[in-house]
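Asker: Dropping a structure here in structure tokens format, bear with me for questions.
The values are calculated or read from the model by the stated rules, or taken from the named source; none is laboratory data. Keep in mind that what you see is a predicted model, and the values were worked out from it rather than measured. Here Cβ is always computed from backbone atoms with ideal geometry, including for glycine, and neighbour counts include all displayed protein chains. Just the protein is used for accessible areas: all its heavy atoms, side chains included, with ligands, DNA and RNA removed. Shrake-Rupley method; radii C 1.70, N 1.55, O 1.52, S 1.80 Å.
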Amino acid sequence: MTPSLACYACDPAHSRGRRHPELPAPTRNAFQRDRDRIVHSTAFRRLVYKTQVFLNHEGDLFRTRLTHSLEVAQLGRSIARALGLNEDLVEAIALAHDLGHTPFGHAGQDALDACMADHGGFEHNLQSLRVVDELEHRYPQYDGINLSFETREGILKHCSRVNAERLEKQEPDGVARRFLDRIQPSLEAQLCNLADEIAYNAHDIDDGVRSGLIRIEDLAGVELFERHRAQALAEYPELQGRRVLYEAIRRMLSAQVYDVIDTTRAALDAAAPADAHAAQRCGPLVLFGDAMRAESAALKRFLLHNLYRHRQVMQTTEQAKDVVAGLFAAYLDKPAEMPDSFAGRTDKERAVADYIAGMTDRFAMREHERLTGKRWMA
């Protein structure tokens, strides 16, 4: 066990390895190598032009899937360090967790899932696994980027039983096994899931206010935000403008991070897992405390009703769904409009879904206009 890691952390020296065996790297452990492969992947670079909430062209400072992933990695590493978990594995999972996300955020995912309803559906966590296992073509020996088992298991955050059974047939006792056995992922993967929630709640407030769709005053009834805004103004009475927002969000983030650390330490002390495998059988251990969980849920409800379902956002959402559905129909009708690596596949529907899922927002818009003659209405 690496000295800096707790007994329940994932140790790269004891990794379950890669699907295609490789010699170890001379200067990097397995999870550091995973992180580097993710950062150099084509799918990772595309995230800079994939929507988080607001389309990339709507403003230079709104979060994208790339900046979101970086924020998740930063939060995850900070918490992992305090808990003795493996920072490198947390970073690798965080940077890869959205690689399979469609253009146009959740609107694109919903539209593609509807198009694939009779062909196995579409889910972006499963697609992220497909990206790292099959769809990246960077190496002469294999498809995918051949990540370690632990990183791949962490990427697969959700999986239906039907998909888990299918994956289990392809890879016995593999990354989908835990969904059939009903056990947890590694503590590092659990941490990424929570860091994801912390990150998007905070930056969606920032982007929502920046967009003008919500005001700081609208958040007065959201205890998790308002408490820290009031504290900031009590300490700095002259604070004005966006600095109030930034300071409130900074304090809110810190409070959530410290709450996760304290709550998780208590849960680990109570469960006392002997190693990483034992920790997976203890139920969820990386947690908010009860009060923070309730406050986080209230913030999510506020964002759902006041930002994600805002008339302006919904208008964009419907247009995005039309683009994805239109692309799916066009490529299914004329596969030759796709690159040969997709057009030549026998699984036509999945090939179309793979191609569309890999698109950036702006490329999807251009392709939709080229194939249908319909322009995006700004």
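Asker: Show Glu134, Glu238, Glu367, Glu123 ordered by accessible area, largest first, where the area counts protein heavy atoms only and the probe is 1.4 Å.
Answerer: Values: Glu134 80, Glu238 150, Glu367 20, Glu123 55 Å².
Descending accessible area places them as Glu238, Glu134, Glu123, Glu367.
Asker: Place a +1 charge on the Cβ of each Lys and Arg in the stretch 152-289 and a -1 charge on the Cβ of each Asp and Glu, then give the dipole magnitude about the Cα centre in debye, rounded to the nearest 20.
Answerer: Using Cβ point charges on Lys, Arg, Asp and Glu, the stretch 152-289 gives about 280 debye.
Asker: While we're here: May I ask you to evaluate 6.51 cos²θ - 1.76 cosθ + 1.60, the Karplus curve with θ = phi - 60°, for each residue of the stretch 14-23 and list the ³J(HN,Hα) values in order in whole Hz, giving x for glycine and proline?
Answerer: So the J values, rounded to whole Hz, are 10, 4, 6, x, 10, 4, 10, x, 9, 5.
Asker: Taking the highest mean first, how do the peptides 267-278, 298-309 order by number of other beta carbon atoms within 10 angstrom per residue?
Answerer: Numbers: 267-278: 14.2, 298-309: 16.1.
Top of the packing list down: 298-309, 267-278.
Asker: When the dipole is taken about the Cα centre of the stretch 1-149, and only Lys, Arg (+1) and Asp, Glu (-1) are charged at their Cβ, what size is it in debye, to the nearest 20? If you can, show how the numbers build up before the last one.
Answerer: On the way: 16 positive and 19 negative charges, 94 e Å.
Approximately 460 debye in magnitude.
Asker: Work out from phi, with θ = phi - 60° and the Karplus expression 6.51 cos²θ - 1.76 cosθ + 1.60, the ³J(HN,Hα) of each residue of the stretch 85-96, listed in order in whole Hz, and give x for Gly and Pro.
Answerer: Working through the residues one at a time gives 8, 7, 4, 5, 5, 4, 5, 4, 4, 4, 6, 9 Hz.
Asker: Going by average Cβ neighbours within 10 Å, how do the peptides 35-46, 214-225 rank, with the highest at the top? Write out the running numbers ahead of the final one.
Answerer: On the way: 35-46: 18.5, 214-225: 16.1.
Per-residue Cβ counts within 10 Å, averaged per peptide and sorted highest first, yield 35-46, 214-225.
Asker: Using a simple charge model, +1 on the beta-carbon of Lys and Arg, -1 on the beta-carbon of Asp and Glu, nothing else, what dipole does the stretch 92-211 show about its Cα centre, in debye to the nearest 20?
Answerer: On the way: 11 positive and 22 negative charges, 42 e Å.
Here the stretch 92-211 has a charge dipole of around 200 debye.
Asker: Please name which of Pro185, Val222, Leu245 has its Cα lying farthest along the dipole of the stretch 137-272 towards the positive end, using unit charges on Cβ (Lys, Arg +1; Asp, Glu -1) and the Cα centre as origin.
Answerer: After comparing all options, I get Pro185.
Asker: While we're here: Tabulate in residue order the Karplus-calculated ³J(HN,Hα) for the stretch 313-319, using 6.51 cos²θ - 1.76 cosθ + 1.60 with θ = phi - 60°, rounded to whole Hz; enter x for Gly and Pro.
Answerer: Each residue's phi maps through the Karplus curve to give 5, 5, 4, 5, 4, 5, 5 Hz.
Asker: Peptides 255-264, 285-294, 146-155: what's the order by average Cβ count within 10 Å, highest mean first? Display every interim value, and only then the final one.
Answerer: Values: 255-264: 18.8, 285-294: 16.6, 146-155: 25.8.
Those peptides, ordered most packed to least, come out 146-155, 255-264, 285-294.
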